[in-house]
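Trainee: The following block contains the structure, expressed as structure tokens.
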2 protein chains.
Amino acid sequence: MAPASIVNSSKSLPHRKLKIGVVLSGGQAPGGHNVISGIYDYLQQRASGSTLYGFKGGPAGIMKCKYVELNSDYIYPYRNQGGFDMICSGRDKIETPEQFKQAEETVKKLDLDGLVVIGGDDSNTNACLLAENFRSKNLKTQVLGCPKTIDGDLKSKEVPTSFGFDTACKIYAEMIGNVMIDARSTGKYYHFVRLMGRAASHITLECALQTHPNITIIGEEVAAKKLTLKNVTDYIVDVICKRAEDNYNYGVILIPEGLIDFIPEVQHLIAELNEILAHDTVDEGGLWKKKLNDQSLELFEFLPQAIQEQLLLERDPHGNVQVAKIETEKMLIEMVETELGKRKQEGKYKGEFKGQSHFFGYEGRCGLPTNFDANYCYALGYGAGALLHSGKTGLISSVANLCAPVEEWTVGGTALTSLMDVERRHGKFKPVIKKAMVELEGAPFKKFASLRDEWALKNCYTSPGPIQFTGPGSDAVSHTLLLESGFQI
Amino acid sequence: MAPASIVNSSKSLPHRKLKIGVVLSGGQAPGGHNVISGIYDYLQQRASGSTLYGFKGGPAGIMKCKYVELNSDYIYPYRNQGGFDMICSGRDKIETPEQFKQAEETVKKLDLDGLVVIGGDDSNTNACLLAENFRSKNLKTQVLGCPKTIDGDLKSKEVPTSFGFDTACKIYAEMIGNVMIDARSTGKYYHFVRLMGRAASHITLECALQTHPNITIIGEEVAAKKLTLKNVTDYIVDVICKRAEDNYNYGVILIPEGLIDFIPEVQHLIAELNEILAHDTVDEGGLWKKKLNDQSLELFEFLPQAIQEQLLLERDPHGNVQVAKIETEKMLIEMVETELGKRKQEGKYKGEFKGQSHFFGYEGRCGLPTNFDANYCYALGYGAGALLHSGKTGLISSVANLCAPVEEWTVGGTALTSLMDVERRHGKFKPVIKKAMVELEGAPFKKFASLRDEWALKNCYTSPGPIQFTGPGSDAVSHTLLLESGFQI
């Protein structure tokens, strides 16, 4: 990581010994340890005699006052390393009045001047509420957020990207590139690759821009165009048929993890199934199906048998259908196979089809951070230290000019409230940070859309290879960030 | 790749213009393009005016005389790249008298002085038979083999490793390392990782030596100890229970792709099922089960329902059970879950278990070759050129002293027959190159066996990170090769 000499103005701050707490919240993202290292180094260098506490196991660590005092030796082995295992993480939220009370008690007990919450949209919403709460109670504890998520869906004009996105995409792109070369070398498989990212399709889009697959499904486009599962299947099958005419019986297809959440008809079917299954038994004869509306019945019959059974049999503790457990890539392979069979019978398809399914997920959350993420995280942490030192609260640490060399980055803070909208949740209006979805009018999607037809039929595969830490390309920035910052790729 | 100045003796060979053919056979392995580049460069530098033909799509390209003449421009973009897409590969074999005849016609038509077969055990067996055949027919075409397979099961005293093994293992080890850090950071998942390699468990063993998982199953040990599926399950469950006592409800478990092929009782069950399913129908009431012998019935009842159904329903075109389609990692998760449930009821287990399944396979076959594989392949190819130039046939290109710096490697050839045994296949005695299995008395397994108990209970995870092409570690050799060469790790 580069030295964070960027926060020069803090030199003039009066010397204070600070007591700071830090917490990792939610799913892992490469670089989290460097945020903590950045905070620690700021305190060491510019507020010596300060103390840094790491809350263990996520927000629960704040509520239960479970922490470790971080020192040089403790932090050292985690610098520039992936994972969150230095203090671990958790998915608890500080929501109820009792939980806010517990948090208050902890910050009072530890006499905290500041608390840094490293997390995604929900955690930063939480950070904002905590800041407000402490301020209203006249507690001195300032609260800052830090933008973390491999999904890339926490961003705004001032927060150009969340950390971890760069590394995760590069790890997935390496694997996709390898599979592409395999597809072309073997000449007989269609690889259906499902990529992590349930809510937004940023990862899928970035990986497509890096590798040029034949087909890429972007959830936000499926939702905007109100596509059905049949539409998506037909699109894939059309490309496969056209490629077969050129004797290409292979290819690579990227699918976002959350695809079926984007398809309105699937949501309707699930809702109806949850209702039916809650009140009726499913009879072997299939009489229960009469309770589905026409469109849902048609969709249900269109689904492969294994998926039908999964929908009927596997339920969560609340009795609901478990959509998250559906392996979308395998479902699509089956549906594509069936449709290709029909076209073959009609004489419209003469190729051979073999599908191979992949899910790239956990491999990307804890990899060694890229140089970009290592530097970005260190700057976020160092900046958070400076913001706390200068008395700020309710901000998210942010770094600008990220496409330039590190020396030209600028570090600052943005009001968490500026990222927030009011949403109705459980019947109440609540201020929340909205997830940033893929913008169909944004530069990354438009770039992709302008090229995808060529990628579909020609083989423009690009295999980026493994992440490098030295040499050419080792400081490359994600295509999404470049395009969103107004650069061409 | 380093310059291949190592074959100095060939300088004294008389100048000849050679016509050489090269073919890639079987599954992809990183580095294949460099073998071809090595042959090409040898011919350019030491037998100028020579011609190199690449047969397309594997051995079928020889039989059908489908080829491309390779030149500098054609080869250039593939140097140091993964995949076999320069001329592609195929799984056909030259076996019948008619097929040998076709091969003869091709080498005569192209007036070939030599043919280099880049492949695994079967392909090198084939190369040996072709060499014999051409010699017996007084054809001038010399035939050489080259040791290729990511599985690492083509090796002997003179051929210390097959190319591709190094890269594939490092790619898988990167992913395993990432998953390990994820497991430790999250603290709630057991990751069951199935690794490519159907016949031998070298990949699994090498990845274990690189990453130190909690549990590693080695197929050859399972076979030698005649373990049952229940034994394997119990071993895993025992470790999980012991870890739960230390509050570790997470871990990483490596499983070789071919695990169930190593379990004798599974082979018996499959054989009986194939017999029964060929002659009888499977009745809903389960009367057909009476035809299974006691041990097979017990095993069948022990299998998760999904696997039972898969065994009964999914059959290949010959009506046989499709063992290869069984997702062993998912099967083990279910069996472990069931057994843990029992132990929980008995009060012997108080932890929580969540399994996550992974299959790392296609990602590793076409990655960018490591420096080791890039150099090794180039040396194999350059050496093959020199062997052909000096009139050799029936040899496999081999490089020795591979643990030393490249400058100290020595290149030569080994008689293919020295790698062969006589095996009975389809009722006839046939000379074949036997697959090199994991030796339970060999240094790699013994090293692993001496450490696995510590790895099981403590968390000694090592995350090697992405393959690097420059800087420290970029020239590292696989642990298997080091240990087999008498070095310590």
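The numbers here are math on the coordinates, done by the rules we state, and not lab data. Because the structure is predicted, anything quoted here is derived from the model rather than measured. Cβ sites come from the backbone with ideal geometry, for glycine too, and all protein chains shown count toward neighbours.
Trainee: Using Cα positions and a limit of under 16 Å, work out the lysines in reach of B:LYS446, with same-chain residues fewer than 8 apart set aside.
Mentor: B:LYS225
Trainee: Using the beta-carbon distance between A:LYS291 and A:LYS137 and R0 = 56 Å, what value does 1/(1 + (r/R0)^6) give for FRET efficiency, to the nearest 0.05? The partial results should precede the final answer.
Mentor: Numbers: r = 52 Å, r/R0 = 0.93.
Efficiency, from the Cβ-Cβ distance: 0.60.
Trainee: Counting other Cβ atoms within 10 Å, keep those with at most 10, restrict to DSSP loop, and tell me which GluC sites (Glu not before Pro) in region B:238-306 are left.
Mentor: Numbers: sites: B:GLU245, B:GLU257, B:GLU265, B:GLU272, B:GLU275, B:GLU284, B:GLU298, B:GLU301; in loops: B:GLU257, B:GLU284.
Counting only loop positions with at most 10 other Cβ atoms within 10 Å, the GluC sites (Glu not before Pro) in region B:238-306 are B:GLU284.
Trainee: Report the Cα centroid-to-centroid distance between region A:393-444 and region A:26-53 in angstrom, as an integer.
Mentor: What the calculation gives is 21 Å, centre to centre.
Trainee: If one computes the Cα centroid of region B:133-147 and of region B:158-209, what distance in Å separates the two points?
Mentor: Value for the Cα centre distance between the two parts: 38 Å.
Trainee: While we're on this one: What distance in nm separates the two pseudo spin-label positions at B:SER485 and B:SER12, each 7 Å out from Cα along the beta-carbon direction?
Mentor: 2.8 nm
Trainee: Karplus couplings for region B:330-337 from phi (6.51 cos²θ - 1.76 cosθ + 1.60, θ = phi - 60°), rounded to Hz, Gly and Pro as x?
Mentor: Whole-Hz 3J(HN,Hα) from phi for region B:330-337: 6, 4, 5, 4, 5, 5, 5, 4.
Trainee: Leaving out same-chain residues fewer than 8 places away, which aspartates and glutamates sit with a Cα under 15 Å from that of A:LYS290?
Mentor: A:GLU272, A:GLU275, A:ASP280, A:GLU298, A:GLU301
Trainee: Additional query: Would you tally the net charge around A:ALA47, using a Cβ to Cβ cut-off of less than 9 Å, leaving A:ALA47 out, and scoring K and R as +1, D and E as -1?
Mentor: Values: positive: A:ARG16, A:LYS17, A:ARG46; negative: none.
Once all neighbours under 9 Å are counted, the net charge is +3.
Trainee: Using amide H atoms built 1.01 Å from N in the peptide plane, name the residues 5+ places from B:VAL432, or on other chains, whose amide H lies under 5 Å from its own.
Mentor: B:ASP421, B:VAL422, B:GLU423
Trainee: Can I ask one more? What list of ³J(HN,Hα) values in whole Hz, one per residue of region A:83-97 in order, does the Karplus curve 6.51 cos²θ - 1.76 cosθ + 1.60 (θ = phi - 60°) give from phi, with Gly and Pro shown as x?
Mentor: So the J values, rounded to whole Hz, are x, 10, 6, 4, 10, 6, 9, x, 10, 5, 10, 9, 10, 7, x.
Trainee: May I pose another question? On the rotation axis linking copies A and B, which residue of A comes nearest by its Cβ, and by how many whole Å?
Mentor: A:PRO466, 2
Trainee: Something else about it: A:ASP283 label points, 7 Å along Cα→Cβ, one per copy: pairwise distances from this copy to the rest in nm, shortest first?
Mentor: 2.9
Trainee: For the residue pair B:ARG198 and A:LYS242, what label-to-label distance in nm results when each label sits 7 Å from Cα along the Cα-to-beta-carbon direction?
Mentor: For B:ARG198 paired with A:LYS242, the spin-label model returns 3.5 nm.
Trainee: Same structure again: Kindly put B:MET420, B:MET180 in sequence by how many other C-beta atoms sit within 10 Å of each C-beta, fewest to most.
Mentor: B:MET420, B:MET180
Trainee: Further question on the same structure: Can you list which of the GluC sites (Glu not before Pro) found in region B:408-477 are DSSP loop residues with at most 10 other C-beta atoms within 10 Å?
Mentor: B:GLU441
Trainee: What translational diffusion coefficient, in µm²/s and rounded to a whole number, does the Stokes-Einstein relation yield for chain B at 37 °C and a viscosity of 0.692 mPa s, taking the hydrodynamic radius as the Kirkwood radius over Cα pairs?
Mentor: Roughly 136 µm²/s, to the nearest whole number.
Trainee: By counting other Cβ atoms within 10 Å of each Cβ, how are A:ARG79, A:ARG365 ranked from fewest to most?
Mentor: Fewest-to-most Cβ neighbours within 10 Å comes out as A:ARG79, A:ARG365.
Trainee: While we're here: Order by neighbour count: A:CYS128, B:CYS241, fewest other Cβ atoms within 10 Å first, most last.
Mentor: Numbers: A:CYS128 25, B:CYS241 18.
Neighbour counts put them in this order, fewest first: B:CYS241, A:CYS128.
Trainee: How far is B:PRO77 from the same spot in each other copy, in nm, shortest first, if each label point sits 7 Å from Cα toward Cβ?
Mentor: 4.7
Trainee: Which three lengths, in whole Å and largest first, does the protein assembly as shown cover when its Cα atoms are put on their principal axes?
Mentor: 98, 72, 56
Trainee: Which FRET efficiency, nearest 0.05, do B:LYS348 and B:GLU454 yield, Cβ-Cβ r, R0 22 Å?
Mentor: For R0 = 22 Å, the calculated efficiency reads 0.45.
Trainee: Calculate one ³J(HN,Hα) per residue across region B:246-252 by plugging θ = phi - 60° into the Karplus curve 6.51 cos²θ - 1.76 cosθ + 1.60, and present them in order as whole Hz with x for glycine and proline.
Mentor: Karplus values, whole Hz, x for Gly and Pro: 8, 6, 9, 9, 8, x, 10.
Trainee: What gaps in nm, shortest first, separate B:LEU13 from its twins in the other copies when you place the label 7 Å past Cα toward the beta carbon?
Mentor: Output for B:LEU13: 7.1 nm, nearest copy listed first.
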